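Single-structure report; data block below.
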Amino acid sequence: MTSGSRNPAEKAKPSFVLTLSLAAVALLAAILYWPTLRLPLIYDDLLHIRIVGGLDFLTVWLPTEAFGFYRPLTFLPLLIIENIFGHYPSWLLHGLNVFQHALNVFLLGALSWRLWSRIHWAVASGLLLAVFPFSYQAISVYGHNVHPTTAGILLLALHTYLSAIRATRRRWAWWGLTAGLFVLGLMSHESAILFGFFAALVQWNDKGQLPTIRNRDFKEWLKRMIGQPWFIFLFAGFVYFVGYQFLPLSRAPQAAFADSSLWFKFLYLIQAAAFPLSWFASLLPPSAGISNVVVLLAFSLAIGLTIWSARNLENRLPLLMGWSWWLLASIVVAVPLSASYLLHGPRLMYLGSVGLALLWPVLLEPIFQLPKAGRLLWVGAILAIVLINWTFVRDRLDSYARLTDPVAIVENVMTDQDSDQGILFVNLPNWLAPERNTYPIGVELVAMMGDYLFIEELINENLLTERPAQAIRFPDLLANQAYTYGIHEQSEGPLLFTDWVPEGSHIFIVSYSDEGPKTRYAGQFIPRDLEHSPIATLGPYEIISSEAEYCEGRVTLTTILSLAEPDKALEKIAPTTSLFVQALDSNGQLIGQADGPPLGLGYDYVKQSLGWQLEDRREFSISDAMVNTVLLGAYDYVTGERYLAQDVELMPLPDNAYSITPKECEMER
């Protein structure tokens, strides 16, 4: 295969327009992922921080037995940041991911230009890498930083490799940089063993031809190959791969080669290869059979585009480079990993996306060459791909924001609380995923926690304080929605509650609606205050205090109550006992309400609160009217019957409800 020999001296020099264009594309990549800077530390961030706690600047270079891989560059930045700041600022860690991704976009576009001197290929490759749909997980979580880091190191090493083979003097300096970057790549991720293959592809494209066997002399051809610099890196990668098997690392069982799930791996990988076409499955009725057909058809069309584009000799080597890069990167992740791990880990597609970003501008090149409107059609096709994937990635980032909302709510509430006051999460989301994928094969989830993580890690690293914490599942509050989700739980529920309450008592409940998970602060358990007498009774409850505030169309009611006659209270409380809160206007018309058991937890928890007072907090919206009165009472939500409400003199209260006059917040005044 040849596209004509080239003289390195004839290579076009990058222009100001090219540099500005690639810088703009890199900026777009940063803008796309800028929302991640507001995300807290989640998922594998917490695992890596836990591991770094046992490392120093010497041991970080050694294999970590508790970690399944040898990747010292994963932990070194964390060590440096912790030594500078004393903790791990989430904005900085996420910012590093965004910066590396944007830099990779620039490096890829520049590599495309240096090889083929086509500005539209260079800019398009950068754009496609910037918005590649399966990269969202690798960039949104710093714990997956290894993927953009490794890709960036390899791209930079290919630039220095290209400079070395072109250099006429001081070539040794370029080779030294290349070797150093190769070693750093191996310390970042084991997939860096592919560098020799990538270097060969770069060298063949730079020369404009594949190495040929002259006069059918295979031995002479083999000697020439062994003498090539890319072969040296290839051999070094092989040696590293063999030695890697003997490192003292803990490893999960590996998938068998005969595993029937190889079919799903294949579908997932070819779906990524044909990503601009496999997206069209989202327009068809959801069906596993239809999805498989769409993916296979999309891949077949990509092969057809390859044949079409390869009619032009100058497109053949670029096509070979794009397809080979994707295939090699896919083999590295598909062979050793289980199908479930692969399909749940879109971050694993990041390195392969570099090859696909190089490939697709070339696949569409025949459109560019059409007379009259060809260039406009080509630009339109690229922009359509970019827009579709931009929308997809932003949707995934919005899911991350909704998923991690509990951390922001807790941080806002607990900032001024004593460090010995703990936290109880009810139905804390572990992960979210759309009910139907955009790309049919795989799992388009976003994750906040993992089964190997503890809620204390999430709290301690994001709130910068150590607090007792638990996460429990409360099935009665869960509902089926137009998305799927998992709950993080570390306690089986009420049976362990009494052991936990003395150490902490703030309750945060996550509910699930069509808009996504929503976290509310439900209140707290506080020690019983014997100095303050109740101001009213609501059936089995005594009201110690109750205050309502009206602000910007929302009413917030904070009530401290306890069980009246604790020794006999359980006999008076039906499991279906609840509180009702009603907001009335000046005409006595109902304009808003918030019903539910104290703290939103129900009988199983109330019956364990005999030695405590309950600070119940509920917030709700009202219609466009001024709140005149807030009524608070207790009732049986099955029968609808209200409990007797009495004042301090044991006189019945009107409507069996305690009346509160709300205060207007300062903002409303």
First compute the accessible area of the stretch 226-351 with a 1.4 Å probe, then give the percent of it belonging to carbon and sulfur atoms.
78
Around residue 346, what is the net charge, scoring Lys/Arg as +1 and Asp/Glu as -1 over all other residues with Cβ under 11 Å from its Cβ?
+1
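Report the FRET efficiency, 1/(1 + (r/R0)^6), for residue 420 and residue 528, where r is their Cβ-Cβ distance and R0 is 22 Å, rounded to 0.05. If you can, show how the numbers build up before the last one.
Numbers: r = 18 Å, r/R0 = 0.80.
After rounding, the FRET efficiency stands at 0.80.
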Difference of contour (0.36 nm per residue) and Cα-Cα distance, residue 173 to residue 593
143.9 nm
When all alpha-carbon pairs of the stretch 69-130 are counted, what percent fall beyond 17 Å?
55
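Chymotrypsin sites (Phe, Trp or Tyr not before Pro), restricted to the stretch 144-201: which are DSSP loop and have at most 12 other Cβ atoms within 10 Å?
Details: sites: 161, 172, 174, 175, 182, 195, 197, 198; in loops: none.
Loop-located and lightly packed - none at all.
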Taking the solvent-accessible surface of protein heavy atoms with a 1.4 Å probe, what is the per residue accessible area of the chain in Å²?
45
Taking 0.36 nm per residue of separation and subtracting the Cα-Cα distance, what length does fully extending residue 482 through residue 83 add?
139.2 nm
Cα extents of the stretch 325-465 along the principal axes, largest first, in whole Å, come to 73, 36, 27
Cα centroid distance between the stretch 25-46 and the stretch 260-281, in Å?
26
Counting just the Cα atoms, what span does the chain cover along each of its three principal axes? Round to the nearest Å and put the largest first.
111, 60, 51
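Take 551, 665 and sort them by solvent-accessible surface of the protein heavy atoms, 1.4 Å probe, largest at the top.
Values: 551 35, 665 10 Å².
Greatest to least solvent exposure: 551, 665.
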Neighbours of residue 319 by Cβ distance under 14 Å: Lys/Arg at +1, Asp/Glu at -1, summed charge +1
Overall Cα dimensions of the stretch 136-238 - principal axes, largest extent first, Å
54, 30, 23
Work out which GluC sites (Glu not before Pro) in the chain are exposed loop sites (DSSP not H, G, I, E or B, at most 12 other Cβ within 10 Å) and give the longest gap free of them.
66-434
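Roughly to the nearest percent, how much of the accessible area of the stretch 1-159 is carbon and sulfur, given a 1.4 Å probe? Intermediate results must be reported in sequence, preceding the final value.
Details: 4070 of 5870 Å².
Carbon and sulfur together cover 69 percent of it.
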Leaving out ligands, DNA and RNA, what percent of the accessible area of the stretch 425-492 is carbon and sulfur, probe 1.4 Å?
47
Any chance you could tell me what percent of the C-alpha pair distances in the stretch 122-186 go past 13 Å?
69
Take the Cα radius of gyration of the stretch 397-446 and divide it by 2.2 N^0.38 Å, with N its residue count; two decimals is plenty.
1.56
Using just the helices of the chain, give the 222 nm mean residue ellipticity in deg cm²/dmol: DSSP H runs with n ≥ 4 each add -39,500 (n - 2.57), and the total is spread over all residues, rounded to 500.
-14500 deg cm²/dmol
Scoring only Lys, Arg, Asp and Glu (+1, +1, -1, -1) among other residues with Cβ under 13 Å from the Cβ of residue 375 yields +1
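The values are calculated or read from the model by the stated rules, or taken from the named source; none is laboratory data. In this text the structure is predicted, and so the values were computed from the model without any measurement. Neighbour counts are summed over all protein chains in view; Cβ atoms, including those assigned to glycine, are modelled from backbone coordinates with ideal geometry. Only protein heavy atoms, including side chains, enter the accessible area calculation; ligands, DNA and RNA are left aside. Shrake-Rupley method; radii C 1.70, N 1.55, O 1.52, S 1.80 Å.
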